[in-house]
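Scroll down for the structure; my scribbles are underneath it.
Please treat every number below as a calculation from the coordinates, not as lab data. Just so it is clear, the model here is predicted, and its values are computed rather than measured. Glycine also receives a Cβ, built like all others from the backbone with ideal geometry; neighbour counts cover every protein chain displayed.
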Amino acid sequence: MQAHQRMLDSTTNGLHSGESPLLRTIGLTKRYGDFLANDAIDIDIWPTEIHALLGENGAGKSTLVKAIYGLIQPSAGQICWQGQPIVLSGPSEARSRGIGMVFQHFSLFDNLTVAENVALGLDGKESFKDMSARLEQVSKTYGLSLDPKREVWQLSVGERQRIEIVRALMQDPQFLILDEPTAVLTPQEADQLFVVLERLKAEGRAILYISHKLEEVKRLCDTATILRGGKKVETCNPRLETAASLARMMVGGEIKEVKAAAGRQTTVPRLVVNDLSLAPGEAHGVRLEHISFELKGGEILGIAGVAGNGQDELFAALSGERLSKDPGTIVIEGLAAGHLSITQRRKLGAAFVPEERLGHGTAPRMKLSENALLTGHAASGMVHHGFIDTAATLKTVDRATETFDVRKAKRDPEAASLSGGNLQKFIVGREILRNPAVLVVSQPTWGVDAGAAAVIRQALLDLATAGAAVLVTSQDLDELAEIADRIAVMFHGHLSAPLATSEATREKLGLLMGGSTLEPKEAAHAVGA
Amino acid sequence: MQLVLEKRAERSNTIALISPLIAIGLTIVTMVILFAILGKNPLLALHAYFIAPLTDSYSLQEIAVKATPLVMIAIGLSLCYLANAWNIGAEGQFLIGAVAGSWIAVKTQGTDAGVWVLPVMLVLAAAAGALYALIPAICKVKFGASEILTSLMLVYVADLFLDYLVRGPWRDPHGFNFPTTAEFDPVATVPLLIEGGRLHLGSIIALLVVAAAVILLGRTIKGFEIRVVGAAPRAARFGGFNSNQLIILTFAVSGALAGLAGIIEVAGPVGHLQPGISPGYGFTAIIVAFLGRLNPLGILIAGLFLALTFIGGEQAQIAMKIPLDVTKVFQGILLFYVLACDSLILYRFKLVFPNRQVPRGAG
């Protein structure tokens, strides 16, 4: 298998023969307690190669790259760099050897300039002036345009990512690790990134590209290593595979297709937002600007957009975690609700699922029954005269478990002990079992395994079929295309007019996500859809 | 080989129960060393501290009397701490309660006021303690002032205010210039439970407070709110619970309980208002609250245990000339170990052998 693989690599690139790989892990294992995050992983990375690391959440991708970047020490196994076994004491040693990494979550200081942020991330001794000059030169060379004097909070997410990439490139790495770089980019920005990556590859560098977007991997990567449950499943040439075959290797089986009921009827407007504007609650937050939309029963409206464009603020305003001065800006079931608390909105029939599962959607160290009470205390008969009906809360747990296949070790465990997918199924289930008239969901399947994601999407579709109005905010365009009837895009606190999903091509959505407006004719047409 | 702390998947309920016992064990070991350094026989000292007070009825009653304010204050504090509101000033609320209640006692002194005096004193003391606790709570909610600092500083204000009253306006005219009020009238005194003994009605009130807290935290939505706000503030807001309201509420309740404990102490075992009515009950109650795992029944047990150290400390001082300050050292070390052992609830120790190597010359 390994030999075959080597031949395959050699034939595709024709460059590897006779050399040793740039980086090789042999039996790399990382153990957390009884849990094997990485189980004897062998991976070879060659120069002039873009190597994809594929796998679902929890497959062990992050653990593997953290070990390669020196952030964690492997429990067993070896890392070889240019043929020599090495033990990395930390990321700075990795960087000095020529290993760079761009994290999914940026480590930037909002109130500092681009140049200051880059300077903070470098270990070198060069003067700030020299460093700034080099920064400008590197960003020019690779077409990653950046103004070194601008403060980070003024920049878009795409620009922030550029800082991280330039910062990594300034160390002239031979091997660059990118963790889900396109998760925060518009399709057009992703295309620009791919040009940069191709260029780095042509310079003889190697890139390890972590992703779960299969089309992207097929397009960009020369080799793909697939992890599942901490083990390596396969190393293959992604161009010779189909997206479906890659998905099967990632998931380890077929994924149930999500089916929308045919001929869903839309009914009366159940959630209406009228010219909602709201100042940000915290420094550098996004101001919501004149947001208006109407959502009917039986309908799913998707809100796309790059993270940090006001989606969180919109969720807080819709849920009532932040109140609006003008009651008429938010209308739930025909009643002005802008001034109502989250509890009062729940009593009107609204339900909410926030993006953050632990700490926002649930109290991590409390039992599921208590977390059922968290959102159910207002209107689900769990409280009588101030006293908690424990049996009723447990019943909700049991019903959610049964209906949505929540897997857990015991009847009523702590929320934090569930896997991401199972906890998300519980949270969505908890809200859906209340038969809401309006459901507002943020990132319903973020970081959730494919099986759970399918269950959750199906549940949202079924809820709409039953007559509820569903608002889904997601950064995953494929997800929105799969379940939404219409898609609107958030940019800088503005919400575009919704497009019918059939007309919402990736190109159009990408333009809107980047802040461009569509042709007036087209936009007018879209409103009518 | 390394010893590492490893996060548990779920909190260990077994450890949650035995962690205070481990802490007590470690404290006793430390105390044995300390006694040895002081040149005292550790076994005799431990006997004086922990065994001797349990052997006669007077000491047993005295333990209950000392535990009464500790338990009442600690129950209030535990509500604050569960809600992530850090009331450190129970000592001040205790003193203000004592002052407010004493006001009625002083004003009705020598009149033929009826049995209403004591109930009014209790109510007034609770109200004053609550209002006094609301000062840091409101500063916290309105201006974001650290309640830890403000509540602590108000202790000294209360202390000096009490001092002023008993040295000035309320001083007993027949008291040979001692800074104390006159002995309270019988109608202004907490009745004894046993004729000629020390045990008084306050202990019954403390038990009722424990029972009420058990119900509040275990069965009611308000108790759930308090727990969620402390454990996961953002989830609590999502649940529709207002953390500011709960800061106000828990501070008010804990202030009321501390104030009530203050007047019961003054109108009970002490019998008049004077400086030094509290050997630091308000601070020791912080230890009681944590040693009792912020759980009402745990607090009852912890309160009795800490009361034992007060009584034992006195006996050790009399019998073995061990300084009374050693009792405070003991309580401080105990709090230290309790907090340290708490990490075992969420973490466990593990021996790690990095980079397993084949032992040479083996087999």
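Counting, for every residue in A:313-319, the Cβ atoms of other protein chains within 10 Å of its Cβ and taking the mean gives 1.
The distance from the alpha carbon centre of segment B:159-211 to that of segment A:381-455 is 55 Å, rounded to a whole number. When chain B is treated as a GNM with alpha-carbon contacts under 10 Å, the residue of B:Ala256, B:Ala232, B:Ala182 showing the greatest mean-square fluctuation is B:Ala232. Here the contact order of chain B, divided by its residue count and restricted to Cα pairs under 8 Å and six or more residues apart, works out to 36 percent. Size descriptors for segment B:1-127: radius of gyration and Dmax over Cα atoms are 22.1, 78 Å. Note on B:Ser57 and B:Thr14: their simple-model spin labels are 4.3 nm apart, each label 7 Å out from Cα toward Cβ.
Fewest first, what order do A:Ile487, B:Ile299, A:Ile342 take by the number of other Cβ atoms within 10 Å? Could the numbers behind the result be given before it?
Numbers: A:Ile487 26, B:Ile299 29, A:Ile342 23.
The order, fewest Cβ neighbours first, is A:Ile342, A:Ile487, B:Ile299.
For segment A:129-196 versus segment B:131-155, the spacing of their alpha-carbon centroids is 47 Å.
Hey, got the average number of other protein chain Cβ atoms within 10 angstrom for residues in A:359-365? Numbers along the way, then the final one.
Values: counts 6, 6, 4, 4, 13, 3, 6.
The shielding value for this peptide is 6.
The amide H of A:Leu358, built 1.01 Å from its N in the peptide plane, has no neighbour under 5 Å, considering only residues 5 or more places off or on other chains. D by Stokes-Einstein for segment A:36-96, Kirkwood Rh over Cα pairs, 20 °C, 1.002 mPa s: 170 µm²/s. Sequence-ordered 3J(HN,Hα) estimates for segment B:229-239 from the Karplus curve with 6.51, -1.76 and 1.60 and θ = phi - 60° stand at 4, x, 6, 8, x, 6, 5, 5, 5, 5, x Hz, glycine and proline given as x.
Listed by chain and number, the aspartates and glutamates placed with their C-alpha closer than 13 angstrom to that of A:Lys218 are A:Glu241; residues fewer than eight positions away on the same chain are left out.
Pairs of C-alpha atoms in segment B:96-189 farther apart than 21 Å represent 43 percent of all such pairs.
Phi angles of segment B:211-228 translate, via the Karplus equation with coefficients 6.51, -1.76, 1.60 and θ = phi - 60°, into HN-Hα couplings of 4, 4, 5, 4, 5, 4, 6, x, 10, 10, 5, 4, x, 4, 4, 4, 5, 5 Hz per residue; Gly and Pro are given as x. Beyond 30 Å, what percent of the Cα pairs of segment A:269-528 remain? Tail fraction, whole percent: 26.
Rank by packing, highest mean first: peptides A:502-508, B:260-266, A:437-443, with packing defined as the count of other Cβ atoms within 10 Å averaged across residues.
Details: A:502-508: 15.0, B:260-266: 32.0, A:437-443: 23.3.
In decreasing order of mean packing, A:502-508, B:260-266, A:437-443 become B:260-266, A:437-443, A:502-508.
Within the shell defined by Cβ-Cβ distances under 10 Å, the residues around A:Ala363 carry a net charge of +2, with Lys and Arg each +1 and Asp and Glu each -1.
Filter the cross-link list A:Lys347/A:Lys425; A:Lys325/A:Lys347; A:Lys231/A:Lys367; A:Lys395/A:Lys425; B:Lys328/B:Lys350; A:Lys296/A:Lys395 down to pairs whose alpha-carbon distance in this structure exceeds 27 Å. Could the numbers behind the result be given before it?
Details: A:Lys347/A:Lys425 22 Å; A:Lys325/A:Lys347 20 Å; A:Lys231/A:Lys367 31 Å; A:Lys395/A:Lys425 16 Å; B:Lys328/B:Lys350 34 Å; A:Lys296/A:Lys395 31 Å.
Correct reply: A:Lys231/A:Lys367; B:Lys328/B:Lys350; A:Lys296/A:Lys395.
Over chain A, what portion of Cα pair distances is larger than 37 Å, expressed as a whole percent? When every Cα pair of chain A is considered, 36 percent fall beyond 37 Å.
Remark: the Cα gyration tensor places segment B:236-363 in the oblate category, a/c being 1.5 or greater and a/b not exceeding b/c. Close amide H contacts of A:Arg486 (hydrogens built in the peptide plane, cut-off under 5 Å, sequence separation of 5 or more or a different chain): A:Ile300, A:Gly302, A:Thr501.
Can I get the semi-axes of segment A:86-153's equivalent ellipsoid? Compute them from the C-alpha gyration tensor as square roots of 5 times the eigenvalues, in angstrom, largest first.
On the way: eigenvalues 98, 43, 32 Å².
The three semi-axes for segment A:86-153 are 22, 15, 13 Å.
Taking a sphere under 14 Å around the Cβ of B:Asp159 and counting the other residues whose Cβ falls inside, with K and R at +1 and D and E at -1, yields a net charge of -1.
Remind me, what semi-axes does segment A:287-346 give for its equivalent ellipsoid, largest first in whole Å, using sqrt of 5 times each Cα gyration tensor eigenvalue?
Rounded to whole Å, the semi-axes are 19, 15, 11.
Karplus-based coupling profile of segment A:382-388, in residue order and whole Hz: 8, 10, 10, 6, x, 9, 7, with θ = phi - 60° in 6.51 cos²θ - 1.76 cosθ + 1.60 and x standing for Gly or Pro.
With N set to the residue count of segment A:214-371, report its C-alpha Rg divided by 2.2 N^0.38 Å to two decimal places. Please report the intermediate quantities before stating the final value.
Working: Rg = 21.3 Å, N = 158, 2.2 N^0.38 = 15.1 Å.
Its radius of gyration relative to the 2.2 N^0.38 Å reference: 1.42.
Backbone amide hydrogens, once placed in the peptide plane, bring A:Ser277 within less than 5 Å of A:His290, A:Ile291, excluding anything fewer than 5 places away on its chain.
Between beta-carbons, use under 12 Å as the cut-off and find the net charge around B:Val106, counting Lys and Arg +1, Asp and Glu -1.
Numbers: positive: B:Lys107, B:Arg171; negative: B:Asp172, B:Glu183, B:Asp185.
Residues close to B:Val106 contribute a combined charge of -1.
For the protein assembly as shown, the Cα-based Rg and Dmax, in that order, read 33.4, 110 Å. For B:Lys107, a cut-off of 13 angstrom between C-alpha atoms picks up these aspartates and glutamates, skipping any fewer than 8 places away in its own chain: B:Asp172, B:Glu183, B:Asp185.
Rounded to the nearest angstrom and ordered from largest down, what semi-axes does the equivalent ellipsoid of chain B get from its C-alpha gyration tensor (root of 5λ)? Before the final figure, lay out each step's value.
On the way: eigenvalues 312, 155, 60 Å².
In descending order the semi-axes read 39, 28, 17 Å.
Neighbour counts of other Cβ atoms within 10 Å put A:Glu49, A:Glu180 in the fewest-to-most order A:Glu180, A:Glu49.
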